[in-house]
1. Do you know which residues across the range 1-17 are assigned to a helix (DSSP H, G or I) and either of a type in the set (V, I, T) or surrounded by 10 or more Cβ atoms within 10 Å (Cβ to Cβ) (or both)?
2. Identify the residue in the range 54-70 that is under 18 Å from the mean Cα position of the chain (by Cα) and in a loop (DSSP other than H, G, I, E, B) and, among all such residues, is nearest to D37 (Cα to Cα).
3. Filter the range 31-53 down to the residues that are surrounded by 12 or more Cβ atoms within 10 Å (Cβ to Cβ), part of a strand (DSSP E or B) and charged (D, E, K, R) and list them by number.
4. Pull out all pairs, ordered by first then second residue, where Cβ-Cβ is under 7 Å, the residues are six or more apart or on different chains, the first lies in the range 11-36 and is among the hydroxyl-bearing types (S, T, Y), and the second is assigned to a loop (DSSP other than H, G, I, E, B).
5. May I ask you to list pairs of residues, at least six apart or on different chains, whose Cβ atoms are under 8 Å apart, with the first in the range 39-67 being β-branched (V, I, T) and the second being exposed (fewer than 12 other Cβ atoms within 10 Å of the Cβ) and in a loop (DSSP other than H, G, I, E, B)?
Amino acid sequence: LQLIPDRDEARPVWRAYQLRLLELQPYTFLYSARRRDGVNKRLRDARMDTRGDWATIRHWWIAPQDRDGR
C-alpha cells in the first residue's frame, strides 16, 4: 500500500484494499468465546460486549459518593 498521511485521502485506498481482501478470502470465520467478566460494584454502566473489554469504557462512571480516593 502507498503511504497517504491524510486520512480523508487515504480512505478510498483503504476501501479498495478491504474490498479486494473480501473478494480473495475463501471464508469469514465469526467467533466469540463465552466468558464472564466482573467489575467492582462502584463502576456504573460497565457493559461488556464482543468488541472487547474496553469498547464501552466511555460510558463507565463512578458516582461521586462512591469515590473514596482509591
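The values are calculated or read from the model by the stated rules, or taken from the named source; none is laboratory data. If you're wondering where the values come from, they're calculated on a predicted model, not measured in any experiment. Glycine also receives a Cβ, built like all others from the backbone with ideal geometry; neighbour counts cover every protein chain displayed.
1. Step one: of the range 1-17, the residues assigned to a helix (DSSP H, G or I) are 7-17.
Of everything in the range 1-17, those that are assigned to a helix (DSSP H, G or I) and either of a type in the set (V, I, T) or surrounded by 10 or more Cβ atoms within 10 Å (Cβ to Cβ) (or both) turn out to be A10, R11, P12, V13, W14, R15, A16, Y17.
2. Going residue by residue through the range 54-70, those that are under 18 Å from the mean Cα position of the chain (by Cα) are 54-60.
This time we only want the ones that are in a loop (DSSP other than H, G, I, E, B), so: 54-56, 60.
Working: W54: 12, A55: 13, T56: 13, W60: 15 Å.
Going through the qualifying residues, I end up with W54.
3. Listed by number, the list holds a single entry, R44.
4. Qualifying pairs under 7 Å: Y17/L1; S32/T50.
5. Listed by first residue and then by second, the contacts come to T50/S32; T56/D45; T56/R47.
So that you can scan it fast, the table gives a plain yes or no per residue for (1) in contact with a helix residue (DSSP H, G or I) (Cβ under 8 Å, 6 or more places away or on another chain); (2) at pLDDT below 85:
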position	(1), (2)
L21	no, no
L30	no, yes
R42	yes, no
D45	yes, no
M48	no, no
T56	no, no
H59	no, no
